[in-house]
1. Taking neighbour counts of Cβ atoms within 10 Å as a proxy for exposure, in what order, fewest first, do E276, E340 appear?
2. Going by how many other beta carbons lie within 10 Å of each one, how would you line up D205, D445, D383, fewest first?
3. What are the trypsin sites (Lys or Arg not before Pro) within the stretch 226-313 that DSSP puts in a loop, where the Cβ has at most 10 other Cβ atoms within 10 Å?
4. Can you pull out the chymotrypsin sites (Phe, Trp or Tyr not before Pro) in the stretch 423-492 that DSSP calls coil and that have at most 11 other Cβ atoms within 10 Å?
5. If we count other beta carbons within 10 Å of each Cβ, what is the order of H463, H498, H268, fewest first?
6. Could you let me know the centre-to-centre spacing of the stretch 392-458 and the stretch 327-345, using Cα atoms, in angstrom?
7. Could you sort out which of K358/K524; K403/K524; K344/K472 sit more than 23 Å apart by Cα distance in this structure?
8. Pull out a ≥ b ≥ c, the square roots of the eigenvalues of the alpha-carbon gyration tensor of the stretch 172-218, then state rounded if a/c is under 1.5, prolate if not and a/b is larger than b/c, and oblate in the remaining case.
Amino acid sequence: MDIIFGLIGGLFIFLFGMHLMSDGMKKLAGHRMKNILAFLTRNRFMGVGVGATVTALIQSSSATTVMTVGLVNAGIITLGQGIGVVMGANIGTTITAQIIAFKIQKFAPLFIALGCILMLFSKSKRLRLYGQAILGFGFLFFGLGEMGRGVAPLREHEHVILFLQRFSTAPLLGILAGTVITMLLQSSSATIGLVIVLAQQGLIDLSAAIPLIIGDNIGTTITAELAAIGTSISARRTARAHTMFNVLGALILFPFVLSGAYENLIVHITPGRLNENTIGHFIANSHTLFNVINTCVFLGLIKVLEQVAIRLVPGEIPVQAGQPQYLERHLLDNPPIALEMAKKEIRRMLGIAEVAVKESIEALLRKNPQLIDSVAENENAVDHLQSEITRYLIDLSQRSLSKEESEQMPTLIHTVNDIERVSDHAVNITELAETSLADKLSFSDAAQRELTLMYDTVRQMFHAVGESIEDKSKSAARQALKLETAVNEYQITLADSHIQRLQNGICDFRAGIIYIDTVNNLEKIGDHLANVAQAAHNNFRWSLGKLRPPVEALDDSKRGW
């Protein structure tokens, strides 16, 4: 019973330490990850490097793989790029094994004490996160020590030793055992830690450990497979490619494991003599070398893996305007990236609203009834996106956010509401178009020219606002706010022109009502776009200034922008 308690207790302390350390590192590296991921589009080598770097930073290949599945699902990266990142993640996760190989369990209390001091007494959030990571690091090695003490008595059990030794004579059984253990624990690092502990206690040798490590690499793919359930076709293809990559790698290496050639290679490249004190380094190197060799073999075959994954998960990838493309829920645990995805979805929502306004004006001026239904469809899509983005942001707000990230939440929700109101005004204009068609009303040539000029200014606002969101361009945001001044002036001058035409008998009274209502709707659209521009200019943080400053205060020297 003491053996079971020691082993299970140590294992769960290890898992808790891994979670603490990984969570702390993810929060510390969050913005770095966002910047690193910007390079993904370059080439396959860059993808592998990104995967390895991110995993080394956050100490979790599962987190990187799930994040990659999320990015593919959101359409941010392609399937081929995702496969490259997963390959790199397999290499990056071997850093954990290399750390575990150092027998520094005796320093675990020191790390735990230091982590607690930083978490409890530091006023800096960044230092508290470092403390969390150090605390997790300490628990990781404390758990390893407990596992070692728990399994030590097993050295006296002949049946246990004989069972474990079978892994060296039956490598296939070892691979199966490693796969099952990792699938159950949902942590490849925990399996490696357990294998190293067993080896350091003399319960297994290197030839028995290697198959367990290979099985560990197969078992870790279950995390991505589970993450891909219920997601897009592209995400499921990424998970399937990850599984194929590791399984095929194991099959390729298996003959060399069976013949003992792989073990001889590990012994040859690892400095020092192989014994119970050093075997951890030999096991860690076998883990690293497997993933490096596997990546080198398949790096030139990413296209092949991609095509096979497509065959395994057939189907066309549907594109629906009202369905979110970037709101990947697996990214919610990475707030900096999730925020970027939300902003991308908002930019896309703005584009749909722009099309709705364009079609509503064309339906009115060109008397095109076919466009009325299209505007309604786009407005429904915008309404659905409003609901989905708001729900996503609310869920994100439940995560651990920085002060800057928390400040963005209410402004982003207001921005979504402003864009939704834009599409509502587009529907208002189509209703005016329907009335105009039913009553066979027409605008004068002068009225049409004026409405076209006003709409062109609104169209320029859409472009500037979109650029301010997409490219974080402050100059584009200021340009949009200046254009709103022109829209407001058009509302006044066009009303005056309309009154003049009525007095001169040029314009029909009923058509004039539709004309003025259209002008007012365009002016309201300009107001909502100006709100979005101001929010984008301030990086969606109200604390940086009013949501809608006076136009005359736009001079940089006066506002400090």
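Taken together, the values in this text are just the output of simple stated rules run on the coordinates, not laboratory data. Bear in mind that the values here come from a model prediction, so they are computed numbers and not experimental data. Cβ atoms come from the backbone with ideal geometry, glycine included; neighbour counts cover every protein chain shown.
1. Values: E276 12, E340 18.
Lowest to highest Cβ neighbour count: E276, E340.
2. Details: D205 19, D445 9, D383 14.
The fewest-first ordering by Cβ neighbours comes to D445, D383, D205.
3. Numbers: sites: R236, R237, R240, R273, K303, R311; in loops: R273.
Filter output for the stretch 226-313: R273.
4. Working: sites: F443, Y455, F462, Y490; in loops: F443.
Here no chymotrypsin sites (Phe, Trp or Tyr not before Pro) fit, given the DSSP loop and packing criteria.
5. Details: H463 14, H498 23, H268 7.
Ranked by crowding around the Cβ, least crowded first: H268, H463, H498.
6. Here the answer is 24 Å between Cα centres.
7. Numbers: K358/K524 15 Å; K403/K524 33 Å; K344/K472 11 Å.
Long pairs (Cα-Cα over 23 Å): K403/K524.
8. Working: a/c = 2.32, a/b = 1.33, b/c = 1.74.
Cα axes put the stretch 172-218 in the oblate bin.
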